[in-house]
Amino acid sequence: MENNDTIVAVSTGASSGAISIVRMSGKDSISIADKIFSSLKNNKPSSFQPRLLVLGTISTSSFNEQAMCVVFKGPKSYTGEDMVEFQCHGGTQISSGIMKECIANGARVATNGEFTKRAFINGKMTLSSAEGMMDMINAESDAEIRAGYNLLSGSLSKLASFAQTELTDILSEIEVSFDYPEETIEYITKAKVKDRLEILSKDFGEVLKTASAGKIIKSGINVLIVGRPNVGKSSLLNKLLNHERAIVTDIAGTTRDSIEDTFLLGDTKVNLIDTAGIHNTDDVVEKIGVDKAKNLMAQADIILFLVDTSREYSSEDQEIYDSIQGKNFVVIKTKTDLENKVQKSFENEIQISTVSGEGIEELKNKILELAHLSNIPADSIIITNERHKDALTRALKNINSAIKNIEIQSLDLVSISIKQAYIDVGEITGNTTSEDIIDQIFKKFCLGK
Ligand code: GDP
């Protein structure tokens, strides 16, 4: 991809909002703007004070438009290059006409995420910060926005940069010791190197512990509702979603396949999955649903096991109960508005009625409690991205291997693991990431970002 040409895009997307923004970046952006924009006093953008909105007229080959223009002089801009933004009237035709005029005067259409890619290449932001910004744009909950902001503002980048500096320092200490090849110096160097690596190992280990909560923040809590037919699974799903998503009947086997939907619990997304009632069946279609329910159990963060208190506790109930042992589950005793026929009590149980509403709030709190989100301090780094988790895990493995082998191996050999850890951790900020991966990341961005 050429980075010395000038790119243009409608950054507000193809929507019919009140205002649209057309954005250009690159060495010719200001001269192109000079050709199409004049202020009310007939001044040209190249004479505008940077970062100040100026009202004027855009002239295209087919229409004139009253608009605002702002100039940013590189490196003090989003991309680090010269940039111009036009704020014009909304709709889709005006902005695309202005964009075409920029293209007619030498700009080319930006690819997805190209503005941000240039910002990364020009050192305006790290790769993980760019990913945090994208997370904010795509967020579906406040928790996701906060985690994205945390990443964007550089909390993880700072840790990665600190680690890289530390690893470089350790490597140079090892290098120096080669100039003084006496045993005592080697011994002192090894002890010091080990101490410093252990600090990094501890830091990385702590941060990696947040990855499961991070996955929940980003993708939502996967909550699976299981229980034999007619225990009230669909009724509970509808109650939690606050609308009639699933069909509720008293005919067993109505929910033959799983039903999925999402709702916000506080500021956290919950993916609720109502499974087909798990029981022994000969119905082929129903059997597929039952098998799927069993597979879904493996992917669930939390399982809600429903027991119908208006019927006797059965061997089928017990079979399901046995199959969820060792998983993160809560027993939900349903239909408490009816006569209770279940004497058995469970260690971790909640009683609910979707008719009276009893226990529903308690259940919501329980879901959040079982997701273990509150264990994470508000200002802590949270790993929400698989790529970061993978890079940090590899770096930790190499650091731990260096620590383990430092007593028995020469510093020369140990430094190989330390160098690899440096490369691994650099993938977070992007300074050791391959071009292919960088391209893949920015392709996921929206046009004009
Ligand atoms: P599923 O097969 O497990 O999804 O069960 P459904 O949600 O379809 O409910 C089966 C039957 O139980 C329906 O007739 C519901 O109206 C009824 N039901 C569900 N929850 C309650 C409840 O809390 N109280 C009462 N009285 N009936 C309920």
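Can you say whether GLU361 is at pLDDT 95 or above and under 22 Å from LEU236 (Cβ atoms), as far as the supplied structure shows?
Working: at pLDDT 95 or above: yes; under 22 Å from LEU236 (Cβ atoms): yes.
So GLU361 passes the test.
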**Study point:** Near pairs, Cβ below 6 angstrom, 6+ apart or cross-chain, from segment 209-235 (closer than 20 Å to PHE263 by Cβ and assigned to a loop (DSSP other than H, G, I, E, B)) to any residue that is more than 15 Å from the ligand (Cβ to nearest atom) and open to solvent by 10 Å² or more (accessible area, probe 1.4 Å)
**Key:** GLY220/LYS269; GLY220/ASN271
Practice item. Please state which of the following conditions ASP424 fails to meet, knowing it meets all the rest: (1) of a type in the set (D, E, K, R); (2) in contact with a helix residue (DSSP H, G or I) (Cβ under 9 Å, 6 or more places away or on another chain); (3) open to solvent by 20 Å² or more (accessible area, probe 1.4 Å); (4) touching a residue at least 12 places away in the same chain (Cβ under 8 Å). Key: (3)
Exercise for review: Could you list, in sequence order, all residues of segment 328-355 that are loosely packed, with under 13 Cβ neighbours inside 10 Å and within 14 Å of the ligand (Cβ to nearest atom)?
Suggested key: GLU339, ASN340, LYS341
Revision key, fill the gap. Of the residues in segment 297-320 that are among the polar types (S, T, N, Q) and open to solvent by less than 40 Å² (accessible area, probe 1.4 Å), the one that is farthest from the ligand (Cβ to nearest atom) is SER314
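Restricting segment 207-246 to residues that are of a type in the set (S, T, N, Q) and within 26 Å of VAL307 (Cβ to Cβ), which is surrounded by the fewest Cβ atoms within 10 Å (Cβ to Cβ)? Give the derivation first.
In the first step, residues of segment 207-246 are kept if they are of a type in the set (S, T, N, Q); the result is 210, 212, 219, 222, 230, 234-235, 238, 242.
Filter again for within 26 Å of VAL307 (Cβ to Cβ), leaving 222, 230, 234-235, 238, 242.
Details: ASN222: 19, ASN230: 24, SER234: 22, SER235: 21, ASN238: 19, ASN242: 8.
Per the stated criteria, the residue is ASN242.
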Point to revise | Of the criteria (1) open to solvent by 60 Å² or more (accessible area, probe 1.4 Å); (2) among the hydrophobic types (A, V, I, L, M, F, W, C); (3) part of a strand (DSSP E or B), which one LEU52 fails | key: (3)
Exercise for review: Given the conditions (1) at pLDDT 85 or above; (2) within 15 Å of the ligand (Cβ to nearest atom), report the number of the one that ILE259 does not fulfil.
Suggested key: (1)
Study note, to complete from the structure: Given (1) farther than 20 Å from LYS190 by Cβ; (2) crowded, with 18+ Cβ neighbours inside 10 Å, SER415 misses just (1)
Review point. Listed residues LYS158, LYS100, LYS76; which is without any contact (Cβ under 8 Å) to a residue 12 or more places away in the chain and not polar (S, T, N, Q)?
Key: LYS158
Check your understanding: Which residues, counting only those in segment 396-421, are hydroxyl-bearing (Ser, Thr, Tyr) and in contact (Cβ under 8 Å) with a residue 40 or more places away in the chain?
Key -> SER415
Exercise for review: Pick out, from segment 59-166, the helices (runs of 4 or more DSSP H) lying fully within it that include 3 or more residues that are small (Gly, Ala, Ser).
Suggested key: 93-104, 127-137, 142-152
Revision key, fill the gap. Those residues of segment 153-171 which are out of contact with any Phe, Trp or Tyr (no Cβ under 9 Å at 6 or more places or on another chain) and surrounded by fewer than 21 Cβ atoms within 10 Å (Cβ to Cβ) amount to SER153, GLY154, SER155, LYS158, SER161, PHE162, THR165, GLU166, ASP169
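The values are calculated or read from the model by the stated rules, or taken from the named source; none is laboratory data. Keep in mind it's a predicted model, so treat the numbers as computed, not measured. Every residue, glycine as well, gets a Cβ built from its backbone with ideal geometry; the counts of neighbours run over all protein chains shown. Surface accessibility is based on the protein's heavy atoms, side chains included, excluding ligands, DNA and RNA. Shrake-Rupley method; radii C 1.70, N 1.55, O 1.52, S 1.80 Å.
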